[in-house]
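Below you'll find the structure, written out as structure tokens, and then a few comments.
Throughout, read-outs are computed from the coordinates displayed, never taken from laboratory work. If you're wondering where the values come from, they're calculated on a predicted model, not measured in any experiment. Methodologically, a virtual Cβ is constructed for each residue, glycine included, from the backbone with ideal geometry; neighbour enumeration extends over all protein chains shown.
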Amino acid sequence: MTYRLYYWPGIQGRGEFVRLLLEEAGAAYVDVGNNEAEGGLEAVQALLASPEAVHPAFAPPVLVNGKVVVAQVAAILQYLGPRLGLVACDANMALWTHQLQLTIADAVAEAHDTHHPLDVGDWYRNQKPEALRRARAFRESRMPKFIGWFEQVLARNPKGPEHLVGARLSYADLSLFQLVQGLRYAFPKAMGALERDTPRVHALARRVGARPNVSAYLASPRRLPFSEDGIFRHYPELDG
Ligand SMILES: N[C@@H](CCC(=O)N[C@@H](CS)C(=O)NCC(=O)O)C(=O)O
């Protein structure tokens with residue numbers, strides 16, 4: 001079965017958390033938004049506007065697998081994890097992995113809100129003073145709290161600090177890699193300063209980035225660059 005990922009074209013966005021899973025697993029998938037032959041942007045818009053959908057998606061990314069339609073990154077990864085061998089079989093460990101993913105989703109939303117603190121539908125240039133204030137709080141308080149918490153999770157893993165859950169790669173590791181990559185892009189100074197105190201998180205990100213399938217993906221044209229249209233944006237004034 002070929003998975004179909006519906007996400008906005010031209011940006012990594014939240015679709016990237018799903019792509020990383022599919023790429024690591026070597027799964028067959030179509031990135032519909034970036035594939036004109038599959039309908040591109042119009043197909044994404046049509047899925048979202050579909051009047052027949054019994055389970056309408058609020059926002060992309062949306063994963064379609066036959067009759068199954070799943071939105072919300074954490075729910076998509078919860079669905080894909082067992083199918084792609086990227087989550088523990090044990091129910092408690094799977095639940096813990098889901099919790100980690102939801103915390104990553106919280107961090108992603110807060111990183112996004114540094115450049116859109118007032119109105120997600122308005123331009124950054126129309127909310128700059130508020131963005132400066134929000135970014136400062138994020139850099140000084142929230143980002144160290146999130147990254148420091150993941151450092152603790154790694155340090156306390158009874159199976160060692162190589163992975164977030166147990167002794168094997170899970171989708172949470174792939175997502176933490178993407179979070180670290182995104183924050184390094186958006187806040188290179190602030191993240192650089194955090195590195196010394198969170199060595200396990202940064203080592204995990206390096207290991208994930210070096211995995212054969214992930215590194216091949218990162219070097220491929222399928223990996224879109226970070227940009228100021230995505231979630232993680234580099235505005236130097238927001239990096240302190
Ligand atoms: N919590 C959702 C957030 C989804 C989301 O905010 N998607 C963005 C693109 S990254 C979007 O298009 N939002 C449109 C909207 O919220 O109206 C998830 O993790 O999937």
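Give the residue, chosen from F17, F58, that is within 9 Å of the ligand (Cβ to nearest atom) and part of a loop (DSSP other than H, G, I, E, B).
Residue meeting the stated conditions: F58.
Scan the stretch 66-78 for residues that are surrounded by 17 or more Cβ atoms within 10 Å (Cβ to Cβ) and in a strand (DSSP E or B) and report the count.
Qualifying residue count for the region: 3.
Among the residues of the stretch 193-217, count how many are in a helix (DSSP H, G or I) and either of a type in the set (D, E) or touching a Leu at 6+ places or on another chain (Cβ under 8 Å) (or both).
Number of matching residues: 9.
Checking the structure you have, find out if any residue of the stretch 152-159 is away from the ligand (no atom under 16 Å from the Cβ) and touching a Lys or Arg at 6+ places or on another chain (Cβ under 7 Å).
Checking the stretch 152-159: at least one residue is away from the ligand (no atom under 16 Å from the Cβ) and touching a Lys or Arg at 6+ places or on another chain (Cβ under 7 Å).
Quick one: which residue in A71, A75, A46 is farther than 30 Å from L164 by Cα and without any contact (Cβ under 8 Å) to a residue 40 or more places away in the chain?
Selected residue: A46, the only one of A71, A75, A46 that is farther than 30 Å from L164 by Cα and without any contact (Cβ under 8 Å) to a residue 40 or more places away in the chain.
So, in the stretch 79-116, of the ones that are more than 15 Å from the ligand (Cβ to nearest atom) and part of a loop (DSSP other than H, G, I, E, B), which residue ends up surrounded by the most Cβ atoms within 10 Å (Cβ to Cβ)?
So the residue we want is V87.
Quick check on the stretch 87-101. Is at least one of its residues within 30 Å of D31 (Cβ to Cβ), touching a residue at least 40 places away in the same chain (Cβ under 8 Å) and among the small types (G, A, S)?
Yes, the stretch 87-101 has at least one match.
Limited to the stretch 119-175, what total is found for residues that are in contact (Cβ under 8 Å) with a residue 24 or more places away in the chain, buried (at least 17 other Cβ atoms within 10 Å of the Cβ) and in contact with a Pro (Cβ under 7 Å, 6 or more places away or on another chain)?
2
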